[in-house]
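Peer 1: Here you go, one structure.
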Amino acid sequence: MEFNEKLQYFRKKSNLTQEELAEKLFVSRTAISKWESGRGMPSISSLKAISEVFNVSIDELLSSEEIIEVAEKENKENMKSFKNIIFGIMDLMSIIFLFIPLFGKEINGYIYLVTLFSIEQVGKYFYLIIIGVTILYGVAELIISKFENKSVDKINSIISLGLTSIAIITFIATREPYIAFIEFCIFLIKVVVYIKQNK
């Protein structure tokens with residue numbers, strides 16, 4: 001018997017409707033319907049709750065193949081959440097670029113490293129916009145990481161990588177090598193995390 005059939009069997013044996021079971025598991029009735037029709041599998045935490053409700057072991061609910069499937073699904077979901085958190089933290093960390101002396105300023109024929117606020121050129125405001133948008137997007141990414149949505153997750157990754165790419169190009173074009181190098185390192189880390197998540 002497959003998991004979906006076992007779930008139906010134990011639910012009916014316990015004289016529970018899908019709605020009543022959903023309430024006991026703190027999930028939606030749609031989730032129960034999905035699991036019973038074989039269109040999805042519960043998370044490990046939901047499986048534990050199911051085993052407690054019906055007073056059976058997880059081994060009795062799942063075959064060895066299904067256990068592997070659930071573990072792989074859970075691992076993938078955790079990796080997505082991890083990626084969003086990493087991207088969010090890295091983008092949020094752009095705030096340090098406002099205070100660390102990484103920008104070149106010519107004084108008496110010498111180039112000194114100064115903070116962004118010490119620059120007097122017009123590019124200062126453009127830098128502020130790029131860094132500000134990246135910081136705000138970092139906050140948004142950390143909020144997004146709390147929700148599961150595949151299409152939003154993919155768009156989130158593209159926007160985050162795009163913002164970092166724009167920053168790299170801007171800092172290279174305006175001859176700010178130190179900050180361009182740091183942004184490039186951030187970009188590489190994001191790419192590695194993104195590739196690992198999509199394996």
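The values are calculated or read from the model by the stated rules, or taken from the named source; none is laboratory data. Fair warning: this is a prediction, and the values are worked out from it, not measured in the lab. Cβ atoms come from the backbone with ideal geometry, glycine included; neighbour counts cover every protein chain shown. All accessible areas refer to the heavy atoms of the entire protein, side chains included, with ligands and DNA or RNA removed. Shrake-Rupley method; radii C 1.70, N 1.55, O 1.52, S 1.80 Å.
Peer 1: With the condition kept exactly as written, say whether any residue in the stretch 94-105 is out of contact with any helix residue (DSSP H, G or I) (no Cβ under 9 Å at 6 or more places or on another chain) and in contact (Cβ under 8 Å) with a residue 40 or more places away in the chain.
Peer 2: Scanning the stretch 94-105, I find no residue that is out of contact with any helix residue (DSSP H, G or I) (no Cβ under 9 Å at 6 or more places or on another chain) and in contact (Cβ under 8 Å) with a residue 40 or more places away in the chain, so the answer is no.
Peer 1: Of all residues in the stretch 54-95 being of a type outside the set (S, T, N, Q), open to solvent by less than 50 Å² (accessible area, probe 1.4 Å) and over 24 Å from the mean Cα position of the chain (by Cα), which is nearest to D153 (Cα to Cα)?
Peer 2: E66
Peer 1: What pairs can you find where one residue is in the stretch 11-23 and in contact (Cβ under 8 Å) with a residue 24 or more places away in the chain, the other is of a type in the set (V, I, T) and surrounded by 12 or more Cβ atoms within 10 Å (Cβ to Cβ), and their Cβ atoms are less than 6 Å apart, with a gap of 6+ or different chains?
Peer 2: So the pair list comes out as L21/I32.
Peer 1: Quickly run through the stretch 164-199 and pick out the residues that are over 18 Å from S81 (Cα atoms), of a type in the set (F, W, Y) and surrounded by fewer than 19 Cβ atoms within 10 Å (Cβ to Cβ).
Peer 2: Y178, F181, F184, F187
Peer 1: Still on this model: What about L21, is it surrounded by 16 or more Cβ atoms within 10 Å (Cβ to Cβ), in contact with a Lys or Arg (Cβ under 8 Å, 6 or more places away or on another chain) and assigned to a helix (DSSP H, G or I)?
Peer 2: Yes.
Yes or no, residue by residue, for (1) modelled with pLDDT of 90 or more; (2) surrounded by 15 or more Cβ atoms within 10 Å (Cβ to Cβ); (3) more than 31 Å from the chain's Cα centre (by Cα); (4) not in a helix (DSSP H, G or I):
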position	(1), (2), (3), (4)
M1	no, no, yes, yes
K6	no, yes, yes, no
K12	yes, no, yes, no
N15	yes, no, yes, yes
A31	no, yes, no, no
W35	no, yes, no, no
R39	no, no, no, yes
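Peer 1: Which one is modelled with the lowest pLDDT among residues in the stretch 115-163 that are more than 24 Å from the chain's Cα centre (by Cα) and open to solvent by less than 70 Å² (accessible area, probe 1.4 Å)?
Peer 2: G123
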